[in-house]
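Down below is the structure, laid out as structure tokens.
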């Protein structure tokens, strides 16, 4: 068997984690090869965070234009050219991929285009070229899950929305998590009639109950039909639409079904069985705290491990791995304080413990919460309210969690994440000088805890 190249580090996958590891290692003088069959940048750049955020931004202009009248502006009726928006987004993504390619080239990383498959524990094949790695990193990410039900034949996943040139008039979104909430919100704001269904009783499992409640109420007020505890039972195609029956007995007609019911790791057709890499029951690669698999020279980071499926986490895992392997500095990743954001309109953001988590751990806590109508809406008919919340340890006064629903929540929670990492107490927030007038100042102005719930 002829091997064409041997690398100190061979990376499978050119997404956020793979590129971060390849760049860092290459900059240290490590000989690095990277294999990628699609665009460099991965899901985040091409099928996730970036194009989604651009769609979200576009979806907010109708609301801004509507509010302009209250501020004295006369605005003519606006019309969305969705195809032009999509083309502008694709142009931007091509620009970003060029930046990624340039960074890899400057780091001395060899890029191999094509699908990589293990031939044995040290060798992979890409488009007929055989490559070996003294150390191998699997960073192939994950893909949207599409259930095996009849309706799925006429359905799409989030990836497909970025390829469309037109918007559906009526859409059913299935799923209660980040993706389902975000796409229900942005598609409604772009003019679609949206129904959101999910099996659980609440949106956003794992988020604080007040955040879930306020988001649900806001989405319903804006006109999104939300049906918790509901399943898609029957599907019948009819002309260019789908006739659906839900588990509550209701029926509806839609032009498109979007499944946002989770993501599955990209481990199929990698030949992991030939390498002997262990996976769990759902295909995720099993790793230890240093991202090492059951084989001492094969590692995995990012969504493919099913630890925390967020871009910054994949990057942090990749950087920690390079520190461990090539700088002699064993570095595990800390997962205790990971800020989370959901780019609905308004946004949801959170860091640290929810109230429910803190109480479940048996902690004695004080809860500080405020709801208010922000200044930006005071000259408009918009009644949207912001919610801010702090979870504080009643014993040592340390802030355990910070949660916000409202415009710019992710920007504000990012700053608070630094404070929580530093062990900020409620007393420190109380003596912090606010910036006025802002929404953010409310996080340092909440003085009285809310009453304890009845036992």
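Key figures for this structure:
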item: Single residue of region 436-451 satisfying the filter (loosely packed, with under 10 Cβ neighbours inside 10 Å and out of contact with any helix residue (DSSP H, G or I) (no Cβ under 6 Å at 6 or more places or on another chain)) that is modelled with the lowest pLDDT; result: 451
item: Within region 26-37, considering residues that are assigned to a loop (DSSP other than H, G, I, E, B) and in contact with a strand residue (DSSP E or B) (Cβ under 8 Å, 6 or more places away or on another chain), the one surrounded by the fewest Cβ atoms within 10 Å (Cβ to Cβ); result: 37
item: Exclusive hit being in contact with a strand residue (DSSP E or B) (Cβ under 8 Å, 6 or more places away or on another chain), without any contact (Cβ under 8 Å) to a residue 60 or more places away in the chain, in the same structural domain as residue 371 (by TED's automatic domain parsing) and closer than 23 Å to residue 340 by Cβ, set 438, 417, 425; result: 425
item: Residue in region 266-277 that is closer than 18 Å to residue 16 by Cα and crowded, with 19+ Cβ neighbours inside 10 Å present; result: yes
item: Residues being outside any helix (DSSP H, G or I) and either out of contact with any helix residue (DSSP H, G or I) (no Cβ under 7 Å at 6 or more places or on another chain) or surrounded by 21 or more Cβ atoms within 10 Å (Cβ to Cβ) (or both) - total across region 172-224; result: 24
item: Members of region 285-336 found to be closer than 20 Å to residue 179 by Cα, touching a helix residue (DSSP H, G or I) at 6+ places or on another chain (Cβ under 7 Å) and not in a loop (DSSP other than H, G, I, E, B), listed by number; result: 302, 303, 311, 314
item: Members of region 1-25 found to be surrounded by fewer than 24 Cβ atoms within 10 Å (Cβ to Cβ) and touching a strand residue (DSSP E or B) at 6+ places or on another chain (Cβ under 8 Å), listed by number; result: 1, 2, 3, 4, 5, 6, 7, 8
item: Yes/no for residue 43 being modelled with pLDDT under 95 and either in a strand (DSSP E or B) or farther than 23 Å from residue 89 by Cβ (or both); result: no
item: The listed residue being part of a helix (DSSP H, G or I), under 21 Å from residue 159 (Cα atoms) and free of Cβ contacts under 8 Å to residues at least 40 places away in the same chain, out of 64, 54; result: 54
item: Some residue of region 81-98 being in contact (Cβ under 8 Å) with a residue 60 or more places away in the chain, loosely packed, with under 14 Cβ neighbours inside 10 Å and farther than 30 Å from residue 37 by Cα; result: no
item: Qualifying residue in region 107-123 (condition: over 28 Å from the mean Cα position of the chain (by Cα), over 30 Å from residue 273 (Cα atoms) and either assigned by TED's automatic domain parsing to the domain that holds residue 232 or modelled with pLDDT under 95 (or both)); result: no
item: The listed residue being free of Cβ contacts under 8 Å to residues at least 24 places away in the same chain and closer than 23 Å to residue 114 by Cβ, out of 272, 268; result: 268
item: Yes/no for residue 49 being in contact (Cβ under 8 Å) with a residue 12 or more places away in the chain and more than 18 Å from residue 125 (Cα to Cα); result: yes
item: Number of the condition not met by residue 59 [criteria: (1) buried (at least 18 other Cβ atoms within 10 Å of the Cβ); (2) more than 30 Å from residue 378 (Cα to Cα); (3) in contact with a helix residue (DSSP H, G or I) (Cβ under 9 Å, 6 or more places away or on another chain)]; result: (2)
item: Filter result for the condition that a residue is at pLDDT 95 or above and under 27 Å from residue 137 (Cβ atoms), over 24, 60, 84, 90; result: 24
item: Tally of residues being without any contact (Cβ under 8 Å) to a residue 60 or more places away in the chain and either touching a helix residue (DSSP H, G or I) at 6+ places or on another chain (Cβ under 9 Å) or part of a strand (DSSP E or B) (or both) across region 111-138; result: 1
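Yes or no, residue by residue, for (1) surrounded by fewer than 23 Cβ atoms within 10 Å (Cβ to Cβ); (2) over 19 Å from the mean Cα position of the chain (by Cα); (3) not in a strand (DSSP E or B):
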{"residue": "363", "(1), (2), (3)": "yes, yes, yes"}
{"residue": "370", "(1), (2), (3)": "yes, yes, no"}
{"residue": "380", "(1), (2), (3)": "yes, yes, yes"}
{"residue": "402", "(1), (2), (3)": "no, no, no"}
{"residue": "411", "(1), (2), (3)": "yes, no, yes"}
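A quick yes/no check of all residues on (1) out of contact with any strand residue (DSSP E or B) (no Cβ under 7 Å at 6 or more places or on another chain); (2) modelled with pLDDT of 95 or more; (3) surrounded by 19 or more Cβ atoms within 10 Å (Cβ to Cβ):
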{"site": "321", "(1), (2), (3)": "no, yes, yes"}
{"site": "325", "(1), (2), (3)": "no, yes, yes"}
{"site": "328", "(1), (2), (3)": "yes, no, no"}
{"site": "339", "(1), (2), (3)": "no, yes, yes"}
{"site": "346", "(1), (2), (3)": "no, yes, yes"}
{"site": "352", "(1), (2), (3)": "no, yes, yes"}
{"site": "355", "(1), (2), (3)": "no, yes, yes"}
{"site": "360", "(1), (2), (3)": "yes, yes, no"}
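Results for (1) free of Cβ contacts under 8 Å to residues at least 40 places away in the same chain; (2) out of contact with any helix residue (DSSP H, G or I) (no Cβ under 8 Å at 6 or more places or on another chain), shown as yes or no for each residue.
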residue	(1), (2)
357	no, yes
363	yes, yes
373	yes, yes
384	no, no
387	no, no
394	yes, yes
397	yes, no
402	no, no
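The values are calculated or read from the model by the stated rules, or taken from the named source; none is laboratory data. Computed from a predicted structure; not experimentally measured. Glycine gets a Cβ as well: all are built from the backbone with ideal geometry, and neighbour counts include every protein chain shown.
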